[in-house]
């Protein structure tokens, strides 16, 4: 039987889920801090390039500074604009104790939530091709498609199933 809980009422109570939420929250915070620091540094450097005047009449140097400044400005804006979009691709969490596979999705604020939880017994077909794990239930209905980049997850699935 496949467990398809109501997402709004899903309670995350196991220790594995609590540890996963803490780890994901820490990763999102670190990534956000790095983006903010690199973006701010690039934006300040784009303005700071114009603080040093090597020669008053050197037109080639002014053109080079303009190009460097534009590249730094664009790079800084890319990093800073990435702060708003914190939703990432869904992740797959394998819980061998409860014999479940959970699909974890991220909302726009970067918070992780469990989108679906499926019992191992309810999965009839698991297919891993091209780095994408596809699961089907006993009726042949596709339950999820998740990109799997981590070989540890693949090994955990093989060991659990």
Quiz item: Stokes-Einstein at 4 °C, 1.567 mPa s, Kirkwood radius from Cα pairs: D for the range 88-160 in µm² s⁻¹?
Solution: 103
Quiz item: At residue 33 and residue 63, where each label point lies 7 Å from the Cα along Cα→Cβ, what is the point-to-point distance in nanometres?
Solution: 4.4
Quiz item: Which length gain, in nm to one decimal place, applies between residue 139 and residue 44 when the Cα-Cα distance is subtracted from 0.36 nm times their residue separation?
Solution: 28.4 nm
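Computed from the coordinates by the stated procedures, all read-outs in this text should not be read as laboratory data. Quick caveat, the model's predicted, so the values are computed rather than measured. Neighbour counts run over all protein chains shown; Cβ positions are idealised from the backbone, glycine included.
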